[in-house]
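Let me begin by presenting the structure, written as structure tokens, before commenting on it.
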Amino acid sequence: MKRIVFILVVLIICVAISYTMLRKNDQKPLPIINPTDLKKELVDPELLAVGQGHTIGNFSFTNQDGITITEKEIENKVFVAEYFFSTCKSICPIMNQQMQRIQKTYKGNKSVKILSFTVDPETDNSETLKTYAVQHGYQKGQWHFLTGTKSSLYSLARKSFFVLKPAEATNLGDAGNDFIHTNNFVLVDKKKRIRGYYDGTNPAEITELIEDIELLLNE
């Protein structure tokens with residue numbers, strides 16, 4: 001009897017392993033997204049012809065702890081980026097609830113980072129972002145809420161992440177309608193290449209994003 005039970009357990013384990021391996025083999029690699037793969041209205045005119053080799057550009061911003069964060073922070077890391085502002089009462093709270101799911105899944109994993117860029121640096125200084133970060137249970141060193149000059153923040157959005165239409169970027173004044181109000185999360189791989197866009201207000205898409213992070217970690 002014990003022998004039969006042992007054989008059944010071994011068979012169950014073998015089936016489970018086989019299923020997992022087949023599922024992994026069925027998964028297609030994530031695309032590498034370049035400017036020519038996107039809608040022209042989202043791409044800076046000078047980058048419209050770029051069909052390969054696009055990577056996230058260099059940057060320097062200050063996080064919620066008053067620490068300067070540059071592109072070196074995401075060297076050889078998988079990361080998720082978003083644009084938000086702390087006083088947003090519509091999509092941002094929903095988005096950052098979903099971002100908390102991502103952090104919870106990969107909490108403590110030094111190969112995964114989260115970058116949340118403010119679009120309202122006049123309001124969102126380091127102190128304001130620290131309060132916001134604490135409210136959202138941020139993991140120090142993993143989830144960075146970033147502020148800086150508006151021109152630098154918007155330039156990165158327009159020329160690296162492609163979440164801001166060039167026409168919108170021409171107005172960087174104080175009018176409320178110049179905010180980047182996008183619900184997109186951007187997934188970037190260890191080589192700073194864009195690998196996917198996800199609706200940060202859609203739990204199903206965030207589940208997919210979480211799974212895709214795992215794919216990139218194993219590339």
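Brief remarks on what is shown
- Qualifying residue in the range 114-127 (condition: of a type in the set (S, T, N, Q), in a helix (DSSP H, G or I), at pLDDT 95 or above and surrounded by 22 or more Cβ atoms within 10 Å (Cβ to Cβ)): no
- Test: residue in the range 55-77 that is touching a Lys or Arg at 6+ places or on another chain (Cβ under 6 Å), under 16 Å from Ser160 (Cα atoms), of a type in the set (S, T, N, Q) and at pLDDT 95 or above: yes
- Of residues in the range 177-219 being within 23 Å of Thr36 (Cα to Cα) and polar (S, T, N, Q), the one modelled with the lowest pLDDT: Thr182
- Within the range 57-69, one or more residues are surrounded by fewer than 17 Cβ atoms within 10 Å (Cβ to Cβ), among the aliphatic types (A, V, I, L, M) and not in a helix (DSSP H, G or I).
- Within the set Ile32, Ile94, Ile102, the sole residue that is β-branched (Val, Ile, Thr), touching a Leu at 6+ places or on another chain (Cβ under 8 Å) and touching a residue at least 24 places away in the same chain (Cβ under 8 Å) turns out to be Ile102.
- Number of the exception - Gly148 against (1) touching a Lys or Arg at 6+ places or on another chain (Cβ under 8 Å); (2) modelled with pLDDT of 95 or more: (1)
- Qualifying residue in the range 89-98 (condition: loosely packed, with under 15 Cβ neighbours inside 10 Å and not in a helix (DSSP H, G or I)): yes
The values are calculated or read from the model by the stated rules, or taken from the named source; none is laboratory data. What you see is a predicted model; the values in this text were computed from it and never measured. A quick note on method: Cβ atoms are made from the backbone with ideal geometry, for glycine too, and the neighbour counts reach across all protein chains shown.
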